[in-house]
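Here is the structure we will look at, set down as structure tokens.
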Amino acid sequence: MKFKVNGDDVFASTGGRPFDKKKPLIIFVHGSGLTHMTWVLQTRYFAFHGYNSLAIDLPGHGLSGGKSLKSIEEMADWVSAVIDALGHKRASLVGHSQGCLVTVECTSRYPDKIKTLSLMGGAGAIPMNPELLSLAENNDPKAVDLMMDWAHGPAGHFGGHPVPGLYHINTGTMLAKSRTIQNTLGVDFRACDNYKNGFEAAKKIKCPTLSILATDDKMCPVKEGKKLASLIDGSQVDIIDNCGHMMLLEEADRVLTVLKKFITTNYPPLSS
Amino acid sequence: MSDKKKELKPNTYKFDTLSLHAGYQPHKNAGARQVPIYQTTSYLFDDVDHAAALFNLERGGHIYSRISNPTVGVLEERVASLEGGTAALATSSGMSAIFLTIMTLCEAGDHLVVSSQLYGGTVNLFRLTLPKFGITCTFVKPRDTEGFKKAIKKNTKGIYGELVGNPGNELMNMPEIANIAHEAGIPLIVDSTYQTPYLCKPFEHGADIVIHSLTKWMAGHGSSMAGILVEGGNFDWMQNDKFPTMTKPYEGYHGLSFAEEFGPTAFTMKARAEGMRDFGPCLSPQNAWNVLQGLETLSVRMKKHCENAEEMVKYLSKHESVAWVSHPSAPNHPDSALADKLLPNGKGSMIAFGIKGGKDAGVAFINNVKLASHLANVGDTRTLVIHPASGTHSQMDEATLKFAGLSHDMIRLSVGMEDIDDIKNDFEIGFRAARKPRLVSNQ
């Protein structure tokens, strides 16, 4: 579906079901340089089980209009504006990687709006390798290749995708190259590198929170994810073995199972 | 110690490693080092909710082996990785991969622009069978790049061709034809059976969908039928309104838009969800496993095939019984510069040559070689020969044969991996027999 926020078109996948204002809202926020399609193995389930399940494209990404936002704080305000634009008062947020920084900041800024927070491959800060940052800001496709290399664990490099026939390293590469690299990945990496408020923001979060971490995550290692989770009251942590940063693809089933239990318990669907 | 900073380099696996490992994790398969053959029709559901989720594409997994199978899935992922594609769908043969691709792309009333130099069975599909489904085609000679552009109509949904045409070895200018297709907002579909991804990766030259008859060099041992379609992931189905079945809500899956939901893998997802469900040309797990064995040695075999082929080109070019030789490695081949660009790792092992004495000499040659096998296949480890005008392309009329670049003196040679001296010695026997009728008639 498409709608407007701050005058620009926003695209959100609804998981194959029409948007229904009566249903509780879940918003999935993708990682640096990526799009709504990274969530396809999670969103469709919720869409068919009593939720408005919206995987959004951040401004300037995927099928959304506008320009990429330059700071995590701006992105956090934008996610809040998305909730307003959809006519909802509350939502559950799910973030991956950079999307975790965005959703942590959003939840701390708008605590009354956020029912639950789910973080995948999250950390309180994501400082960027200067060379990788430079490559992305200079539109070098090598930045995407390096990101896909580091983002997949050793097992993920072999493949074995839960959806038969899909090779996810190449799929991720295509997603990250679908728009101009310096305008998406370059801007996103700089925003991540500049963001310093993650740990302070985490201390303000009071809603039920889940962190899914992966033992082979090189981009947001388990110890960083645990550090963030330790600052959030009552935060649950689930750790996946033999998995890298792209857990939502590498171990899509496991992620969905954990997410399903957490969200349906803390923010029940319409049907129940 | 050096102060030089180490350059960042991606360490994703390279071709030879992917051909052995991609798509498979032993620790998820009881530690089995070799890919297991999942000889089963169907798969247990955890509960009703799990079953519904699988049927509704809410989560990945297997339901029924017509739609997907774990052994076949390894093959699909492996070929996708080798081609640099996002996804792949294996089928029971190369022809069913072509048919499934066209039926996923087109509806009744649609049109395709097609290279005229194709395998005879493919020509018949486009010329005779697809019109029965309301899909028409315009054939263009592979070297007539502008002709592809001129043939595009309002209802054209794609351009289709073999990079190196069968059997005449004419090359189509893939990068330029890809530009023509993309300017018209339609995909380029390339049958890359002759090349395998070891010799050419069509996605790097603008192709959007790649098709293989895996029966040939990919499996390589003449044992198993199989085909595959691979998606490049770069084509934007939503750029225009030409592909409503990709972009509009699909009734068969509760209003799903494949392009919106699956983006760079949308075509494969639709081909599987709709095409395998409705047509069902599924690959058997045993044949998938056989192809996987072949893929493990793909680069080793292709090197040897190409090496032997280039030796045979030299031998045939100098032979008194040979009127002409066509192979992209020959310096006088009209497309040799393009072949150098598109086929840097070797020009393939398919040779077409004309035998002096025409059809009768061709028949005598074919009937007398002993090592080379006379059969309707290519890409075996063994050397194969056929006379296309009386074999693979025999269902074509005279005009179609001419348009497809075939002549009655043409022998199609698929060079195998035998000792090169043994192949040459065998050909000498064939050539002697081919000369005999003429010698007799001259006396």
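Scanning the stretch B:63-100 for residues that are more than 14 Å from chain A (Cβ to nearest Cβ) and either assigned to a helix (DSSP H, G or I) or among the aromatic types (Phe, Trp, Tyr) (or both) yields B:94, B:95, B:96, B:98, B:99.
Let's see how each residue does on (1) closer than 15 Å to residue A:31 by Cα; (2) modelled with pLDDT of 95 or more; (3) in contact with a helix residue (DSSP H, G or I) (Cβ under 6 Å, 6 or more places away or on another chain):
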position	(1), (2), (3)
A:128	yes, yes, yes
A:142	no, yes, yes
A:180	no, no, no
A:191	yes, yes, yes
A:209	no, yes, no
A:221	no, yes, no
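Where helices (runs of 4 or more DSSP H) sit wholly within the stretch B:249-328, those with at least 3 residues that are farther than 20 Å from residue B:233 by Cβ and at pLDDT 95 or above occupy B:285-295, B:298-317.
Every test in (1) of a type outside the set (A, V, I, L, M); (2) away from every other protein chain (no Cβ under 14 Å); (3) under 26 Å from residue B:258 (Cβ atoms) is passed by residue A:61 save one, and that test is (2). For the structure I just gave you, tell me whether residue A:158 is touching a helix residue (DSSP H, G or I) at 6+ places or on another chain (Cβ under 6 Å), of a type outside the set (Gly, Ala, Ser), under 24 Å from residue A:81 (Cα atoms) and within 14 Å of another protein chain (Cβ to nearest Cβ). Against the criterion (touching a helix residue (DSSP H, G or I) at 6+ places or on another chain (Cβ under 6 Å), of a type outside the set (Gly, Ala, Ser), under 24 Å from residue A:81 (Cα atoms) and within 14 Å of another protein chain (Cβ to nearest Cβ)), residue A:158 does not qualify.
On the stretch given as the stretch B:297-315, residues that are over 18 Å from the mean Cα position of the chain (by Cα), touching a residue at least 60 places away in the same chain (Cβ under 8 Å) and buried (at least 18 other Cβ atoms within 10 Å of the Cβ) total 4.
In the condition set (1) within 14 Å of chain A (Cβ to nearest Cβ); (2) hydroxyl-bearing (Ser, Thr, Tyr); (3) closer than 30 Å to residue B:29 by Cα; (4) touching a residue at least 24 places away in the same chain (Cβ under 8 Å), residue B:104 is compliant with all but (3). Among the residues of the stretch B:41-62, the one identified as touching a residue at least 40 places away in the same chain (Cβ under 8 Å) and either more than 22 Å from residue A:156 (Cβ to Cβ) or not in a loop (DSSP other than H, G, I, E, B) (or both) is B:56.
The residue list B:284, B:326 contains one member that is under 30 Å from residue B:105 (Cα atoms) and either in contact (Cβ under 8 Å) with a residue 12 or more places away in the chain or surrounded by fewer than 24 Cβ atoms within 10 Å (Cβ to Cβ) (or both), which is B:284. Filtered by the rule that a residue be under 23 Å from residue B:291 (Cα atoms), surrounded by 14 or more Cβ atoms within 10 Å (Cβ to Cβ) and within 11 Å of chain A (Cβ to nearest Cβ), the stretch B:11-42 gives B:13, B:18, B:20, B:21, B:22, B:23, B:24, B:25, B:26, B:29, B:35.
When the helices (runs of 4 or more DSSP H) confined to the stretch A:1-119 are screened for residues that are at pLDDT 95 or above and of a type in the set (Val, Ile, Thr), those reaching at least 2 such residues are found at A:72-85, A:98-109. Can you spot a residue in the stretch B:131-150 that is of a type in the set (A, V, I, L, M) and in a helix (DSSP H, G or I)? No; the residues of the stretch B:131-150 include none that is of a type in the set (A, V, I, L, M) and in a helix (DSSP H, G or I). Filtering the stretch B:67-88 to residues that are closer than 22 Å to residue B:45 by Cβ and touching a helix residue (DSSP H, G or I) at 6+ places or on another chain (Cβ under 6 Å) leaves B:67, B:69, B:71, B:72.
Within the stretch B:75-113, the set of residues being among the small types (Gly, Ala, Ser) and either surrounded by fewer than 24 Cβ atoms within 10 Å (Cβ to Cβ) or touching a Gly at 6+ places or on another chain (Cβ under 6 Å) (or both) comprises B:84, B:85, B:87, B:88, B:92, B:93, B:94, B:96, B:97, B:108, B:109.
The values are calculated or read from the model by the stated rules, or taken from the named source; none is laboratory data. It should be emphasised that the depicted structure is a prediction, and the values quoted were computed from it without experimental measurement. Note that each Cβ is placed from the backbone with ideal geometry, even for glycine, and that neighbours are counted across all protein chains shown.
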